[in-house]
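S.K.: Can you keep this structure in mind? I'll have questions shortly.
Any read-out appearing in this document is the output of simple, stated calculations on the displayed coordinates, not a laboratory observation. Note that this is a predicted model, so its numbers are computed, not measured. Here Cβ is always computed from backbone atoms with ideal geometry, including for glycine, and neighbour counts include all displayed protein chains.
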Amino acid sequence: MKIEKPTRQPLIHTALLILALLAITGSSARAQSQEPKRRIIPIAINKGENYTISDIKQPESTKVVSNPNALVVQTAPGRIELVGADTGSWEINATLASGEKVTYAITVKSTTNPQGDLNPGTAPPSMP
């Protein structure tokens, strides 16, 4: 009588099935824990203009996209005051009074193009 060793194939299939289930449940748990996408509110102001964002529960963070000198930001209870200082753009994350989390995409534009050039002029002719 010959005794055959049991095969490990059912054990391997069971282990693979358990790993697949763990991978599926782990990825869905990570997807649910991510913060919902923020609504983006575009704001365009000119250099020298003032803009007030009201109904703010709390400002969270600011990010300079281009030119850190483009905007002057002051916060007060319930609002954020913006003054355009130079051409550039910023992003401000905030929570509204309703609890919604939003991102303000602020662009500061120059009202006019620079005039003239920076080439040196010529000296006047000498006097006789």
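S.K.: How much length is gained if the chain between residue 119 and residue 14 is pulled fully straight, taking 0.36 nm per residue apart and subtracting their Cα-Cα distance, in nm to one decimal?
M.R.: Working it through step by step, the gained length comes to 29.9 nm.
S.K.: Could I have the simple spin-label model distance between residue 87 and residue 54, label points 7 Å from Cα toward Cβ, reported in nm to one decimal?
M.R.: 3.3
S.K.: Another question, then. Please go through the residue pairs 63/101; 37/109; 57/109 and name each one whose alpha carbons sit more than 19 Å apart in this structure.
M.R.: Beyond 19 Å: 37/109; 57/109.
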